[in-house]
Amino acid sequence: MMPPKVKLNSLLLNCVSCPRRCQVNRFECVGFCKVGADVQVSHIGLHYGEEPPISGTKGSGAIFFSGCNLRCVFCQNFQISQLCNFHNRGLSVDELADEFVRIQDTGAHNVNLVSPSHVIPQLSMAIAKAKEEGLCIPVVYNSSGYDSITGLQLLRGLVDIYLPDIKYMNKNLAFRYSGVHDYADIIPGVLWEMFEQVGLLRTDEQGIALSGILVRHLVLPGQLENSKKCLYLLASISKEIMVSIMSQYSPCHRAGEFPEIDRPLYETEYREIVDYAIELGLENAFIQDISSQDIYQPDFDRPQPFVL
């Protein structure tokens, strides 16, 4: 059932849609995320650079939302997450629902909502409306992990696949690199809520994801203890959980201001983390070649931001 529109609008009148809890009236101004009541979209298109169960052979129907509730100094999507001035298009709930159905018509495996944590009220209405209009491919919630559990509960029964990051289990690193004090406090509950809603990743005969959770972790140079704590948390949820251990870190945006991460990840560092995952029993994992550092850097000033 779609939550009442009045209730969802009230969340925007005194916005607590994400853990920032800005409490601004988003019909009149913007919060920390730099987005008001209308959803701001920077790019919509087929994306082939996600994990194989998500991109498959036909591509994932990605919708990249502008704005973000984090300020990651190394964000590869900083053009749209922080600068917020790259070909944005404001969409109402009805228009967003229409885009979901249009993506389905292209033959995409799923609708992939990228960086959606700050627009959950609008999304919950749009997904429900799209499903009423015939949307039947899976809906993917692709987030930084800095989510509101109350907000995620609005998406119960609407989202089929959760694709969150787990960035930090170290409060100092979270504040230094992403400008948030409580990421490490919030992420365990977020992951448990997502896991409880959709369970382990389930795929069809072709290996395409139908439902469940797939958690990503980007290994940061020199921060291996943080990575190990993140993986330990995942193993405590379930050793069968699907994990994507990413080696694609490359210093961009403001990373040059932080000497300890102003370099690519070493292959020896990445291998240590992969070995640790195996020690923990996290064998349902995707791993990357270290050369991925040169591949997954988008440019949202191009019609096709991701060139693989």
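Taking every alpha-carbon pair under 8 Å whose residues sit at least 6 apart, the range 199-275 reaches a relative contact order of 32 percent. Mind running the shape call on the chain? Use the C-alpha gyration tensor, a ≥ b ≥ c as the square roots of the eigenvalues: rounded below 1.5 for a/c, prolate if a/b tops b/c, oblate otherwise. Rounded. Most tightly packed first, judged by the mean number of other beta-carbon atoms within 10 Å of their residues, the peptides 226-232, 286-292 read 226-232, 286-292. Relative to the longest principal axis of the Cα atoms of the chain, the long axis of helix 183-198 lies at roughly 60 degrees.
Oblate is the label for the range 27-99, because a/c, from the alpha-carbon gyration tensor with a ≥ b ≥ c as root eigenvalues, is 1.5 or above and a/b does not exceed b/c. Along the chain, the exposed loop sites are GluC sites (Glu not before Pro) outside DSSP states H, G, I, E and B with at most 10 other Cβ atoms within 10 Å, and the longest stretch free of them is 29-204. Annotation for the range 165-216 versus the range 62-118: alpha-carbon center distance of 19 Å. Sequence-distant contacts, meaning Cα pairs under 8 Å at least 6 residues apart, place the relative contact order of the chain at 16 percent. Residues whose amide H falls under 5 Å from that of residue 75, counting only those 5 or more places apart or on a different chain, are 254, with hydrogens built in the peptide plane. Principal-axis analysis of the Cα atoms of the chain puts helix 120-132 at an angle of about 70° to the longest axis.
Counting only DSSP beta bridges whose two residues both lie in the chain, roughly 35 percent are antiparallel. Roughly what angle does helix 267-280 make with the longest principal axis of the chain, taking Cα atoms, 0 to 90 degrees, to the nearest 10? Here the helix axis deviates by roughly 80 degrees.
Since every read-out is calculated from the coordinates, none of them should be taken as a lab result. Being a predicted model, the structure only gives us computed values, none of them experimental. Positions of Cβ are backbone-derived with ideal geometry, glycine not excepted, and every protein chain shown enters the neighbour counts.
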